[in-house]
Amino acid sequence: MEDCIFCKIIDNQIPSRKVFENDDILAFFDTSQATPGHTLIVPKKHVENIMDYDDELAATVFSYLPQIARGIKKSHPNIQGINIINNNGEIAYQTVFHSHIHVIPRYGTNDSFS
Ligand code: 5GP
Ligand code: ZN
């Protein structure tokens, strides 16, 4: 989709630090790291938010969460927990309108995310 930042990242028109990629999804580091390893998972198909997923796309995209979480933990072994966050709609703090799932590692009660 034209003028979508995440479609441009998927098309390599905008560089990103990729964590995982296949035909269905791309996972890449958020430029604004809430904590080290903060990753976004996006479907390659442009959908605005969760209301636009069909069951198949939802099952596909969300099925990658465990393996990506494990991968981040492997490269950041001191992770103590992980927040999975998915903002849908402006009122819910969505700022990029290509659906994405935040995977935010947690390092302790005083880490940079609260
Ligand atoms: P939202 O608030 O929509 O849930 O999250 C959007 C996220 O996208 C933000 O955390 C923001 O830092 C991230 N973001 C925005 N533009 C870019 C970009 O060009 N590259 C990357 N890697 N992340 C971006
Ligand atoms: Zn898009």
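The values are calculated or read from the model by the stated rules, or taken from the named source; none is laboratory data. Predicted model, so just to flag it, every value in this text is computed and none were measured. With ideal geometry, Cβ positions are generated from the backbone for all residues, glycine too; neighbour counts draw on all protein chains shown.
Odds and ends about this structure:
- Those helices (runs of 4 or more DSSP H) of region 1-102 in which 3 or more residues are more than 8 Å from ligand 1 (Cβ to nearest atom) and either free of Cβ contacts under 8 Å to residues at least 40 places away in the same chain or aliphatic (A, V, I, L, M) (or both) occupy 55-63, 65-75.
Rundown of residues vs (1) more than 14 Å from the chain's Cα centre (by Cα); (2) within 16 Å of ligand 2 (Cβ to nearest atom), yes/no style:
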site: Gln33; (1), (2): no, no
site: Pro36; (1), (2): no, no
site: Pro43; (1), (2): no, yes
site: Asn49; (1), (2): no, yes
site: Val61; (1), (2): no, yes
site: Leu65; (1), (2): no, no
site: Gly81; (1), (2): yes, no
site: Asn88; (1), (2): no, yes
site: Phe97; (1), (2): no, yes
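- Number of the condition not met by Ser114 [criteria: (1) more than 16 Å from ligand 2 (Cβ to nearest atom); (2) at pLDDT 95 or above]: (2)
- The residue that is surrounded by the most Cβ atoms within 10 Å (Cβ to Cβ), counting only those in region 1-24 that are within 13 Å of ligand 2 (Cβ to nearest atom) and β-branched (Val, Ile, Thr), is Ile10.
- Filtered residues of region 93-114 (kept if surrounded by fewer than 11 Cβ atoms within 10 Å (Cβ to Cβ) and either more than 17 Å from Ser32 (Cβ to Cβ) or among the hydrophobic types (A, V, I, L, M, F, W, C) (or both)): Gly108, Thr109, Asn110
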